[in-house]
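A short write-up of the structure that comes next.
The values are calculated or read from the model by the stated rules, or taken from the named source; none is laboratory data. Quick caveat: nothing in here was measured; it's all calculated off a predicted structure. All Cβ positions, glycine included, derive from the backbone under ideal geometry; neighbour counts span all protein chains shown. Surface areas here come from the heavy atoms of the whole protein model, side chains and all, with no ligands, DNA or RNA. Shrake-Rupley method; radii C 1.70, N 1.55, O 1.52, S 1.80 Å.
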Amino acid sequence: MDPLEAIKGRRSIRKYRPDPVPEKALQAVVEAVRWAPSWANTQCCEVIVVKDAKVKSELATALLPNTNPALSSMTEAPLVLVLCGIKGISGYSKGQPATEKGDWLMFDTGLAMQNLCLAAHALGLGTVIVGRMDHQRVAEILGVPQNIEVVAITPLGYPAAEGGSPKRKDISQVVYYEKYGGMKKV
Ligand SMILES: Cc1cc2nc3c(=O)[nH]c(=O)nc-3n(C[C@H](O)[C@H](O)[C@H](O)COP(=O)(O)O)c2cc1C
């Protein structure tokens, strides 16, 4: 699939078929995480693949009930992938934060998640990034150690329904020229 087509065509998928994800497709998706860019190639991002129905149900309890539209997808989809970041390496130089922004693990994990979502979409698989949850609870369920931050989850499987197409801002509200708020010269 053409990358630009993939970027525009990917949608958050919240309804899944139970069909299993072929191992080859799963490996392609996790490879996309591995090849994501990262601060000084520090590669802080890690992914936990969850297939066990009992563990998926437990993870669903970490999403706030009635407030997260992705709740049912956690148990519907055959797989759930949990993205984590190793703390204290992305954005650091000689053990000290290299910028006033501190740890860049959220940024690097975000890049990896987008790679994951686009690779999945190119293979006909659906994803939805889930950030609204009890991260501590997820860490407990999966035995994630203290030095690792749980960042976001996505179900992975074949879509049972297309995602809606939430509108985007007009390009003029997003892109400026020469200075903040600057308009394009015609
Ligand atoms: C950091 C982040 C966290 C998100 N958390 C959730 C979530 O907890 N539940 C959910 O249903 N969607 C979540 N989403 C999906 C967004 O709602 C979705 O990307 C947005 O509405 C645009 O729709 P699209 O992905 O189909 O283009 C999240 C997206 C991002 C980037």
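Quick check: is even one residue across region 139-151 open to solvent by less than 30 Å² (accessible area, probe 1.4 Å), in contact with a Ser or Thr (Cβ under 7 Å, 6 or more places away or on another chain) and closer than 15 Å to G85 by Cα? For region 139-151, residues open to solvent by less than 30 Å² (accessible area, probe 1.4 Å), in contact with a Ser or Thr (Cβ under 7 Å, 6 or more places away or on another chain) and closer than 15 Å to G85 by Cα: present.
Residues in region 31-59 that are touching a residue at least 12 places away in the same chain (Cβ under 8 Å), basic (K, R) and either outside any helix (DSSP H, G or I) or within 19 Å of N115 (Cα to Cα) (or both): K51 only.
Residue check: E140 meets all listed conditions (1) free of Cβ contacts under 8 Å to residues at least 60 places away in the same chain; (2) part of a loop (DSSP other than H, G, I, E, B); (3) not aliphatic (A, V, I, L, M) but one, namely (2). Among the residues examined, V80 does not qualify as among the aliphatic types (A, V, I, L, M) and either away from the ligand (no atom under 14 Å from the Cβ) or open to solvent by 30 Å² or more (accessible area, probe 1.4 Å) (or both). May I ask you to list the residues in region 107-126 that are in a helix (DSSP H, G or I), open to solvent by 40 Å² or more (accessible area, probe 1.4 Å) and more than 9 Å from the ligand (Cβ to nearest atom)? Within region 107-126, F107, L111, N115, H121, A122 meet the criteria. Picking from residues in region 127-141 that are within 10 Å of the ligand (Cβ to nearest atom) and touching a helix residue (DSSP H, G or I) at 6+ places or on another chain (Cβ under 9 Å), the one that is farthest from P37 (Cα to Cα) is M133. One residue stands out among those in region 152-167 that are in a strand (DSSP E or B) and more than 14 Å from the ligand (Cβ to nearest atom): the one that is surrounded by the fewest Cβ atoms within 10 Å (Cβ to Cβ), which is G157.
Yes or no: region 99-109 includes at least one residue that is touching a Lys or Arg at 6+ places or on another chain (Cβ under 9 Å) and free of Cβ contacts under 8 Å to residues at least 60 places away in the same chain. So far as region 99-109 goes, yes, one or more of its residues are touching a Lys or Arg at 6+ places or on another chain (Cβ under 9 Å) and free of Cβ contacts under 8 Å to residues at least 60 places away in the same chain. Only one of the numbered conditions (1) crowded, with 17+ Cβ neighbours inside 10 Å; (2) of a type in the set (S, T, N, Q); (3) away from the ligand (no atom under 12 Å from the Cβ) is violated by Q173, and that is (1). Checking L79, L118, L71 one by one, the residue that is among the hydrophobic types (A, V, I, L, M, F, W, C) and over 18 Å from R17 (Cα atoms) is L118 and no other. Taken residue by residue, region 17-35 has no member that is among the basic types (K, R), over 25 Å from L123 (Cα atoms) and more than 14 Å from the ligand (Cβ to nearest atom).
Residues in region 44-74 that are within 14 Å of the ligand (Cβ to nearest atom), within 22 Å of G124 (Cα to Cα) and open to solvent by 50 Å² or more (accessible area, probe 1.4 Å): P69, L71.
Mind checking whether some residue in region 129-136 is part of a helix (DSSP H, G or I) and polar (S, T, N, Q)? Scanning region 129-136, I find at least one residue that is part of a helix (DSSP H, G or I) and polar (S, T, N, Q), so the answer is yes.
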